[in-house]
């Protein structure tokens, strides 16, 4: 028997004080497929699936005379995988090394220890490689088959037992799981490697398989599901049925969270789907990426209904489903001015829950990384150190990963990107977290002061404030270093997690932020602002020194005129008080207290 090792190494994360790993779904898929064939199962043995980022020396020493080592590669494990692969080749020169996954490009063959590259779907490619080894054929440098036309030929790695051993061997680990109900993406967003790799008609797995995969988690410590469909909800009735399956399974299992990547052309139907699983769903992400029309055209998103943001946010409120809005800084044709205006527009349309901002990344197989595209839009970039696990603080990084981010275009300089990111930092920490939100909404709805005016002024105050300026300047320096030299200094975590920094500082100085926000309100109007707004703003935000619930006499936020009595209680449990993770609490909306207008429905 020839020994096979599959590698899908990952960082650990943590949730509710429990270590969480992803079930290595991609690696399992290729083995469950090839194991169907007697010529493979009779001649090759799967020795192990490596899913942890172990110490490389210890990992290589644990292997038993490998014949084939196959690596599933993406931005969170590329450097680690390359290092381990080289060590394996040095120790066992005859071992065949193959790399696959979205990150794979022809440039990887510059690493002489890699024998073969698999492009697109990996099941057929891996079968080809095993057959070449078995029958002593020349090893193909590039393996790219046609798309699998019939997904019924693929058996699930979950229900066929591929992962049974690693679950038994790791009883103290909580698991996150990928659920795959279809493959394919009809879109070709230029910043994305999803549609660019598999862009074509969507092909569906049988509903029976989907239901069996969901039922598989019952009795196992699976806490979280990520549905890997690029456009969940595109098949309206089918996907609604799957959502009901997820909800039913959650009542019989340890599942307490699910993330669905909803279709880009969002309609009311996706809110019906989200409402089916709202207790465990993270809500609906409205990934507009930019509010600038020339930018949307350049990235091939201008025809997507998701850009009807105001209607989507209205539906979210109507269906009581949380919505999140994602923006990417550094996209073509964006300017500092359109960026600030775009963030303000998102709030104007009614997004008061979450805006998430990401740096634009040049992914290996995206159109944005194509030299002609780079030249057209004057894209400049830098390779940066990337800290992937945002919350697991006890991990030692033997080998750092990196990503290539856009740090300038012909319409946005590096300085503009830095300033734009810091402007978003202010909006996210003040408005989305909640500390200035009620005051800003009062200014907009009662005093006709735009959100752009409000946050331009608040940003300027924070920059020069004696309390906040020190932290702001530290943040500016961290972002500057990340964008210009590719790494941050000091204790900053860096990477896409930079925006998570500052929540503790804001909380500890919340009274000062209330004062600054109220000063902005006074500055921008010739009227006398209603003090009841400031009172409600202060009581709306979590305060660990308060003994909840409390009753507050304030102002009615529906009309900003009448008196209103509110019962205010915390969204945080006693456990959350003991382990106050500000970022996670903000993401859950728990920094904002619950406000129940007396004798009326709860105010969201």
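The length gained on full extension between residue 188 and residue 463, counted as 0.36 nm times the residue separation minus their Cα-Cα distance, comes to 95.1 nm.
Taking the helices alone, the chain has a mean residue ellipticity at 222 nm of -11000 deg cm²/dmol, built from -39,500 (n - 2.57) per DSSP H run of at least 4 residues and averaged over all its residues. Rounded, prolate or oblate: which fits segment 115-236 when a ≥ b ≥ c are the square roots of the eigenvalues of the alpha-carbon gyration tensor, with rounded for a/c under 1.5 and prolate only if a/b beats b/c? Because a/c hits 1.5 or more and a/b fails to exceed b/c, segment 115-236 counts as oblate. Note on segment 160-315: antiparallel DSSP beta bridges, both residues inside, total approximately 15 percent of the bridges counted. Between residue 79 and residue 45, the simple spin-label model (points 7 angstrom out along Cα→Cβ) gives 3.6 nm.
For residue 400 and residue 511, a Förster radius of 51 Å and the Cβ-Cβ distance give a FRET efficiency of 0.85, rounded to the nearest 0.05. The angle between the Cα long axis of helix 236-250 and the longest principal axis of the Cα atoms of the chain comes to about 90 degrees, rounded to the nearest 10.
Helix 122-134 sits at what angle to the longest principal axis of the chain, using alpha carbons and giving 0 to 90 degrees rounded to 10? Result, in degrees: 20. Here is the P(r) of segment 168-255: all C-alpha pair distances, binned every 5 Å from 0, give 3, 13, 22, 20, 16, 12, 9, 4, 1 in whole percents.
Fewest-first ordering of 287, 545 by other beta carbons within 10 Å of each residue's beta carbon gives 545, 287. Sorting 369, 360 from the fewest to the most surrounding beta carbons within 10 angstrom yields 369, 360.
With angles folded into 0 to 90 degrees, how steeply does helix 309-319 sit against the dominant principal axis of the chain? Use alpha carbons for both and round to 10. Around 90 degrees separate the two axes. With each label modelled as a point 7 angstrom along the Cα→C-beta vector, the residue 547-residue 372 pair spans 7.2 nm.
Order these by the 10 Å Cβ neighbour count, fewest first: 445, 94, 132.
Listing 445, 94, 132 from fewest to most nearby Cβ atoms yields 94, 445, 132.
Take the Cα of residue 531, step 7 Å toward its Cβ, do the same at residue 519, and the gap between the two points is 2.0 nm.
With the Kirkwood sum run over all distinct C-alpha pairs, the chain has a hydrodynamic radius of 26.0 Å. Of all DSSP-defined beta bridges confined to the chain, some 35% are antiparallel rather than parallel.
Our estimate of slack between residue 447 and residue 172, defined as 0.36 nm per intervening residue step minus the Cα-Cα distance, is 93.5 nm.
The Cα trace of segment 283-529 gives Rg and Dmax of 18.3, 59 Å, the first to one decimal, the second as a whole number.
Bear in mind these aren't lab numbers, they're just calculated from the coordinates by the rules spelled out. Keep in mind that what you see is a predicted model, and the values were worked out from it rather than measured. All Cβ positions, even for glycine, are placed from backbone atoms using ideal geometry, and neighbour counts span all protein chains on display.
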